[in-house]
Amino acid sequence: MPDFESLLNRLIQGEVEFVVVGGFAAVAHGVSLPTQDIDVCCRFTPENLLKLQEAIADLNPVHRMVPSRPPLQLTEATCVGLRDLYLDTDWGQLDCLGEIPGLGQYQDVSVHRVSVELPGGTCWILSIDALILAKEAMGRQRDREAALQLRAIRERQQS
């Protein structure tokens, strides 16, 4: 069973630079759709990716989009040029994205973050307005449904 909160706490404790985006961020804002993974937009520098690897090393991370499912074994050299990492861990799926449709790369995404408190510390998630933009840019039915719920939540918060 996924333990997304503990997985995020690992990233926080490992001082990984990231912003939670996607379904988990939507749920944090009050959307009722379940999510199967954690999507984070992170800084794709060797330093940050090596911190990420260290933070989850004992959770047996493997590349889930590669049929042979090789273990995550990053080096400074292999980090260069990476744009996304799709991982399976003992605590659930973790998608590390270098760019978010409708928003841009990490430096663009990070200006739209808001904080939530988890037992492990402060966690940054995408703001409701930015999440609506990202969901609409994705264009999938599930994302359109999440955007509708997010708009309704935003309206309730503003009234």
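Each reported figure results from applying straightforward, stated rules to the coordinates on display, with no laboratory input. All values derive from a computational prediction rather than experimental measurement. Cβ sites come from the backbone with ideal geometry, for glycine too, and all protein chains shown count toward neighbours.
See the values below:
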read-out	value
Lone qualifier among Val80, Val109, Val62 - being loosely packed, with under 14 Cβ neighbours inside 10 Å, out of contact with any Phe, Trp or Tyr (no Cβ under 9 Å at 6 or more places or on another chain) and touching a residue at least 12 places away in the same chain (Cβ under 8 Å)	Val80
Failed criterion for Leu87 (all others in (1) exposed (fewer than 15 other Cβ atoms within 10 Å of the Cβ); (2) under 17 Å from Glu5 (Cα atoms); (3) without any contact (Cβ under 8 Å) to a residue 60 or more places away in the chain; (4) not acidic (Asp, Glu) hold)	(1)
In the stretch 108-148, the residues that are assigned to a helix (DSSP H, G or I) and among the small types (Gly, Ala, Ser)	Ser110, Ala130, Ala134, Ala137, Ala146, Ala147
Filtered residues of the stretch 25-77 (kept if assigned to a loop (DSSP other than H, G, I, E, B) and closer than 20 Å to Ile128 by Cβ)	Gly30, Val31, Ser32, Leu33, Pro34, Thr35
Leading residue by the ranking (nearest to Arg142 (Cα to Cα)) among those in the stretch 28-51 that are over 12 Å from the mean Cα position of the chain (by Cα) and crowded, with 18+ Cβ neighbours inside 10 Å	Val31
